[in-house]
């Protein structure tokens, strides 16, 4: 394939633009904010699961506490009613009076047990409420980190997008000035060679694979006409001769 030396040098300009676009894509993939967002989102999911569990437990305990308080109120009402009957003098039968006094005593014991249990439930509720508050604070802190990282990510992506547009515009201007067969060869090599389709020969070293050419290869390159498109024998990339090739 033939291409005048100036055209081959412009191919290096195209490679520089493509390498710039590749670096921007790599930068986009490796933004530090992405790791923060991923890690904090995982943490948020875990905290959310914990919140669901604690709130469910809190709801269960709170309902049990309300049932307990309702039972205590029933015991109190019944005890007050029996105490009123005892004090009214309406009960005169000794056996009935004894039974009533026994029931008042039993109700008092039952009320004490229920109130102790209600106190324990109340302490459990308070503990769960504190846990919910802690988890909600943690959730808010994590969400703030995600939001801040997302804002930073979007800003960085905006900068990357702007630079990518600039490089693509320059590329779109440059490509039509190059022979189509040369561009096709370059693109084919670039696709199969890690994004580098053309590299300069600098101080007898291919800048694509960074290997120094052997004596025989150097002589062949030196002997090739200036408009001959030569390729590195090691990496098969298009090898562009420059003033610094050392030939």
Just to be sure I understand the filter: pairs with C-beta atoms under 8 Å, separated by 6 or more residues or on different chains, first member in segment 207-222 and modelled with pLDDT under 95, second member in a helix (DSSP H, G or I). Which pairs pass? 213/221
From the list 104, 125, which one is surrounded by 12 or more Cβ atoms within 10 Å (Cβ to Cβ) and within 56 Å of the chain's Cα centre (by Cα)? 125
Taking the criterion of being surrounded by fewer than 17 Cβ atoms within 10 Å (Cβ to Cβ), not assigned by TED's automatic domain parsing to the domain that holds residue 229 and not in a helix (DSSP H, G or I), would at least one residue in segment 66-89 satisfy it? yes
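Let's see how each residue does on (1) within 30 Å of residue 116 (Cα to Cα); (2) modelled with pLDDT of 90 or more; (3) not in a loop (DSSP other than H, G, I, E, B):
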position	(1), (2), (3)
13	no, yes, yes
38	no, yes, yes
43	no, yes, yes
52	yes, yes, yes
95	no, no, yes
Qualifying position, being over 33 Å from the mean Cα position of the chain (by Cα) and touching a residue at least 60 places away in the same chain (Cβ under 8 Å), among 142, 185, 167, 135: 185
Being touching a helix residue (DSSP H, G or I) at 6+ places or on another chain (Cβ under 6 Å) and modelled with pLDDT of 95 or more narrows it down to one of 182, 201, 174, so name that one. 174
Any residue in segment 48-59 that is surrounded by fewer than 16 Cβ atoms within 10 Å (Cβ to Cβ), within 30 Å of residue 156 (Cβ to Cβ), assigned by TED's automatic domain parsing to the domain that holds residue 184 and in contact with a helix residue (DSSP H, G or I) (Cβ under 9 Å, 6 or more places away or on another chain)? no
Name the residues in segment 192-247 that are more than 48 Å from the chain's Cα centre (by Cα) and in a strand (DSSP E or B), would you? 228
Residue 147 is checked against (1) more than 30 Å from residue 67 (Cβ to Cβ); (2) at pLDDT below 95 and fails just one. What number does that condition carry? (2)
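The values are calculated or read from the model by the stated rules, or taken from the named source; none is laboratory data. It should be emphasised that the depicted structure is a prediction, and the values quoted were computed from it without experimental measurement. Positions of Cβ are backbone-derived with ideal geometry, glycine not excepted, and every protein chain shown enters the neighbour counts.
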